[in-house]
1. Please pick out the residue among 36, 57 that is aliphatic (A, V, I, L, M) and closer than 30 Å to residue 72 by Cβ.
2. Step by step: first the residues of the range 22-35, then only those that are of a type outside the set (Gly, Ala, Ser) and in contact with an Asp or Glu (Cβ under 9 Å, 6 or more places away or on another chain), then the one that is surrounded by the most Cβ atoms within 10 Å (Cβ to Cβ). Which residue is that?
3. Name the residue, out of 4, 17, that is within 12 Å of the chain's Cα centre (by Cα), modelled with pLDDT of 90 or more and surrounded by 11 or more Cβ atoms within 10 Å (Cβ to Cβ).
4. Taking the criterion of being in a loop (DSSP other than H, G, I, E, B), in contact (Cβ under 8 Å) with a residue 12 or more places away in the chain and open to solvent by 80 Å² or more (accessible area, probe 1.4 Å), would at least one residue in the range 51-59 satisfy it?
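The values are calculated or read from the model by the stated rules, or taken from the named source; none is laboratory data. Computed from a predicted model, the values in this text were never measured in an experiment. Methodologically, a virtual Cβ is constructed for each residue, glycine included, from the backbone with ideal geometry; neighbour enumeration extends over all protein chains shown. Remember, those area values only see protein heavy atoms, side chains included, never the ligands or the DNA or RNA. Shrake-Rupley method; radii C 1.70, N 1.55, O 1.52, S 1.80 Å.
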Amino acid sequence: RGEAIKKDNASDNIIEAQLLIDDKPVEKALLPTSFVKRRHELFWKYDLPEGRHKVKVIGDIKPWDYIYYSPTRH
């Protein structure tokens with residue numbers, strides 16, 4: 001979860017961001033900076049194999065939380 005960031009005193013616009021998992025592109029998203037239109041769930045990916053993964057987000061965004069679900073406790 002998070003938000004797209006607009007530059008100081010700039011008008012609202014749309015930020016293009018990309019999600020990579022294990023160095024492979026998973027999703028590109030157009031994220032509005034407007035608080036009325038923005039989406040707080042920036043990216044999601046279900047059904048990843050159990051285990052460690054490298055997650056990278058490219059773009060001018062401010063992440064708040066990273067949430068993961070697992071059938072086992074970690």
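1. On the way: 36 fails: closer than 30 Å to residue 72 by Cβ.
Testing whether each residue is aliphatic (A, V, I, L, M) and closer than 30 Å to residue 72 by Cβ leaves just 57.
2. Step one: list which residues in the range 22-35 are of a type outside the set (Gly, Ala, Ser), which gives 22-28, 30-33, 35.
If we keep only those that are in contact with an Asp or Glu (Cβ under 9 Å, 6 or more places away or on another chain) as well, we get 28, 30-33, 35.
On the way: 28: 12, 30: 10, 31: 22, 32: 16, 33: 19, 35: 8.
Among those that are of a type outside the set (Gly, Ala, Ser) and in contact with an Asp or Glu (Cβ under 9 Å, 6 or more places away or on another chain), it is 31.
3. Numbers: 4 fails: modelled with pLDDT of 90 or more.
Within the list 4, 17, the selection yields 17.
4. Applying the first criterion (in a loop (DSSP other than H, G, I, E, B)) to the range 51-59 yields 51-54, 59.
Subset that is in contact (Cβ under 8 Å) with a residue 12 or more places away in the chain: 53-54, 59.
Now restrict to residues that are open to solvent by 80 Å² or more (accessible area, probe 1.4 Å): 54.
Checked against the condition, which is being in a loop (DSSP other than H, G, I, E, B), in contact (Cβ under 8 Å) with a residue 12 or more places away in the chain and open to solvent by 80 Å² or more (accessible area, probe 1.4 Å), the range 51-59 yields at least one hit.
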